[in-house]
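One structure is given here, and the rest of the page talks about it.
The values are calculated or read from the model by the stated rules, or taken from the named source; none is laboratory data. Please read these numbers as outputs of a predicted model, since none were measured by experiment. Cβ coordinates were reconstructed from backbone atoms using ideal geometry, including for glycine residues, and neighbour counts include every protein chain displayed.
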Amino acid sequence: MMSEKQDYIIRFCDVYKQFENNQVLTGFNLDIIRGETLVIMGRSGCGKSVTLKIILGLLHPDSGQVFIDGVETTELSERELVPLRKKMGMLFQGSALFDSLTVGDNVGFALFEHSGKSYDEIEQIINTNLEFVDLAGTAGLMPAELSGGMRKRVALARAIAYNPYILLYDEPTTGLDPITATTINELVRKTQKEYGVTSIVVTHELESGFSVADRIAVINDGKIIEIGTIDQVKNSSNEFVQRFLAGPK
Ligand SMILES: Nc1ncnc2c1ncn2[C@@H]1O[C@H](COP(=O)(O)OP(=O)(O)OP(=O)(O)O)[C@@H](O)[C@H]1O
Ligand SMILES: [Mg+2]
């Protein structure tokens, strides 16, 4: 399956990242294929959110290289990162909505700030995106009036506002009941299909990961220790992967 011509949209080459004495990524290598939904799994604190923040350029590696669409981002200034970041949408762990803004203003936030589009155009995008996540007619509500699952959906409507081609999801289903989690998983797939985006989904929920993944990558001890299709990962001979998949005893 892996040919020389494989089209990688994101590449991590020998990345190291530590916080004081805490070595989080230690020779981390990862190639993400354009258009795939890659699920990254691993124990709490293993560096999943750090990996997403490095992709966004919110954190910088201590050493190693990160390429996005062939551009080495580790060398870029804050200013040079701006156009790249606009191509990415992020669903933060816990949704991170602005509580003092309406649902509509949350979805349109970046567009009102940076796009130069007219109010009517932005309103149109807000309505289309809210409809996409099955929340038509909620633009006037406040985040406090929403359930956890609705907040995630608003966060997704916001993440796609700029027509990104890379979508990053940090624990999109954690803390949701199974039915709501299924709805979110279906939306992850629908977004990949309809927008043709590359999706990177971080989760420690196995079922959720299996339901959305084209490929799964498992992090342990600062590295990707296994990557492949669901079947490949399920059949991994790596002991940590097997224990992780077996779940709590
Ligand atoms: N800005 C920071 N400053 C200091 N330490 C940090 C920072 N960000 C992350 N860390 C540390 O790096 C490690 C990895 O954190 P990260 O948030 O990536 O974990 P995670 O895999 O996303 O875990 P979880 O599943 O609990 O969300 C943790 O030990 C965390 O405390
Ligand atoms: Mg995290």
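Output the residue which, of all residues in the stretch 29-63 that are of a type in the set (Lys, Arg) and under 17 Å from Ile225 (Cα atoms), is nearest to ligand 2 (Cβ to nearest atom). Checking each candidate, the answer is Lys48. Take the conditions in the same structural domain as Gln192 (by TED's automatic domain parsing), within 28 Å of Arg189 (Cβ to Cβ) and under 19 Å from the mean Cα position of the chain (by Cα) and apply them to Val66. Does it pass? The answer is yes for Val66.
Looking only at the stretch 162-207, residues that are away from ligand 2 (no atom under 14 Å from the Cβ) and either out of contact with any Asp or Glu (no Cβ under 7 Å at 6 or more places or on another chain) or closer than 21 Å to Phe109 by Cβ (or both) come to 31 in all.
Cβ separations smaller than 9 Å between residues 6+ apart or across chains give the following pairs from the stretch 66-91 residues that are in a loop (DSSP other than H, G, I, E, B) to residues that are exposed (fewer than 12 other Cβ atoms within 10 Å of the Cβ): Lys87/Asn163. Going through (1) surrounded by fewer than 16 Cβ atoms within 10 Å (Cβ to Cβ); (2) in a loop (DSSP other than H, G, I, E, B); (3) touching a residue at least 12 places away in the same chain (Cβ under 8 Å) one by one, Ala144 falls short only on (2).
Conditions tested, residue by residue: (1) surrounded by 19 or more Cβ atoms within 10 Å (Cβ to Cβ); (2) part of a strand (DSSP E or B); (3) away from ligand 1 (no atom under 16 Å from the Cβ); (4) assigned by TED's automatic domain parsing to the domain that holds Thr37.
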site: Leu187; (1), (2), (3), (4): yes, no, yes, yes
site: Ile200; (1), (2), (3), (4): yes, yes, no, yes
site: Ile219; (1), (2), (3), (4): yes, yes, no, yes
site: Arg243; (1), (2), (3), (4): no, no, yes, yes
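Inspect all residues belonging to the stretch 204-216 and state whether any of them is in contact (Cβ under 8 Å) with a residue 40 or more places away in the chain, in the same structural domain as Asp31 (by TED's automatic domain parsing), touching a Gly at 6+ places or on another chain (Cβ under 7 Å) and in a strand (DSSP E or B). Checked the stretch 204-216: at least one residue is in contact (Cβ under 8 Å) with a residue 40 or more places away in the chain, in the same structural domain as Asp31 (by TED's automatic domain parsing), touching a Gly at 6+ places or on another chain (Cβ under 7 Å) and in a strand (DSSP E or B).
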